[in-house]
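Enquirer: Quick one: structure below, then a few questions.
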Ligand code: SF4
């Protein structure tokens, strides 16, 4: 079976309605027809989300001196999207390392009238030894506390949040959180210990430059 490889496409012709010139284009390798995909987006909830995502994008990109320019940050976009969806109760799942940002975020959300539930990663003070994590995989000892993303999600599920915002969860823990959350999940920030959470900086710095030169 062929797989799509948009990364290898020369011109991203899909942007101007001309996909398929490239042999690994999804429009060439997939058996799914375009009409079938369009139909999927007519499912009411999906369609509503697409409608509101467009409204949020349009609200953010405003003409400034004749040029479409972003006029608000993602935090404001998330709140605008929640307003459009009619979501009033928002969960914030945050990492201990992102506590400051999470505290500020909850204040902003509350000031805008949202009801907020927030859960830190170390809830219940689980220890690594309880999850059979080997000593050599611990930073100091098996007694150190460990993130508990499944329960971050479960407790927000119990609280009945309508949207959950991830703030700084670790790789892996963020996946378990998203998988376990009943509500839709959007990410405000992810943890990148080395770059101060600027996850794409290594792609623009010299960090991978040898690899990028070679391939
Ligand atoms: S969808 Fe097709 S045209 Fe668009 S980037 Fe992918 S391969 Fe290129």
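Enquirer: Report yes if residue 3 is more than 29 Å from residue 188 (Cβ to Cβ), touching a helix residue (DSSP H, G or I) at 6+ places or on another chain (Cβ under 9 Å) and either part of a helix (DSSP H, G or I) or within 16 Å of the ligand (Cβ to nearest atom) (or both), otherwise no. Write out each step before concluding.
Expert: Working: more than 29 Å from residue 188 (Cβ to Cβ): yes; touching a helix residue (DSSP H, G or I) at 6+ places or on another chain (Cβ under 9 Å): yes; either part of a helix (DSSP H, G or I) or within 16 Å of the ligand (Cβ to nearest atom) (or both): yes.
Criteria met by residue 3.
Enquirer: If a residue must be within 8 Å of the ligand (Cβ to nearest atom) and loosely packed, with under 13 Cβ neighbours inside 10 Å, how many such residues does the range 8-24 contain?
Expert: Narrowing the range 8-24 to residues within 8 Å of the ligand (Cβ to nearest atom): 8-15, 18-22, 24.
If we keep only those that are loosely packed, with under 13 Cβ neighbours inside 10 Å as well, we get 8, 10-12, 15, 18, 20.
Count: 7.
Enquirer: Among the residues of the range 43-59, is there at least one that is within 15 Å of the ligand (Cβ to nearest atom) and exposed (fewer than 14 other Cβ atoms within 10 Å of the Cβ)? Full working, then the answer.
Expert: Our first condition is that a residue be within 15 Å of the ligand (Cβ to nearest atom); within the range 43-59, this holds for none.
The answer is no, given that none of the residues of the range 43-59 is within 15 Å of the ligand (Cβ to nearest atom) and exposed (fewer than 14 other Cβ atoms within 10 Å of the Cβ).
Enquirer: Next question, about the same structure. When you check residue 66 against the structure, is it within 11 Å of the ligand (Cβ to nearest atom), outside the structural domain of residue 80 (by TED's automatic domain parsing) and at positive phi, yes or no?
Expert: Numbers: within 11 Å of the ligand (Cβ to nearest atom): no; outside the structural domain of residue 80 (by TED's automatic domain parsing): yes; at positive phi: yes.
No; evaluated as a whole, the condition is false for this residue.
Enquirer: When residue 35 is evaluated against the numbered criteria (1) surrounded by fewer than 11 Cβ atoms within 10 Å (Cβ to Cβ); (2) assigned to a loop (DSSP other than H, G, I, E, B); (3) more than 9 Å from the ligand (Cβ to nearest atom), which criterion, by number, is the only one it fails?
Expert: (2)
Enquirer: Find the residue count for the range 161-177, including only residues that are part of a strand (DSSP E or B) and at negative phi.
Expert: Kept after step one, since they are part of a strand (DSSP E or B), are these residues of the range 161-177: 163-169.
Subset that is at negative phi: 163-167, 169.
Final tally of qualifying residues: 6.
Enquirer: Does any residue in the range 5-30 that is free of Cβ contacts under 8 Å to residues at least 12 places away in the same chain come within less than 6 Å, Cβ to Cβ, of a residue that is more than 7 Å from the ligand (Cβ to nearest atom) six or more places away or on a different chain, and which pairs are these?
Expert: If the second residue must be more than 7 Å from the ligand (Cβ to nearest atom), the pairs left are 20/28.
Enquirer: Would you mind telling me which numbered condition in (1) assigned to a helix (DSSP H, G or I); (2) away from the ligand (no atom under 13 Å from the Cβ); (3) modelled with pLDDT under 95 residue 27 fails?
Expert: Evaluating residue 27 over (1) assigned to a helix (DSSP H, G or I); (2) away from the ligand (no atom under 13 Å from the Cβ); (3) modelled with pLDDT under 95 leaves (2) as the failure.
Enquirer: Separate question: Keeping to the range 9-24, report how many residues are at pLDDT below 90 and assigned to a helix (DSSP H, G or I).
Expert: The number of residues fulfilling the criteria is 0.
The values are calculated or read from the model by the stated rules, or taken from the named source; none is laboratory data. Source: prediction; values computed, not measured. As a convention, Cβ positions derive from the backbone with ideal geometry for all residues, glycine included, and neighbour counts pool all protein chains shown.
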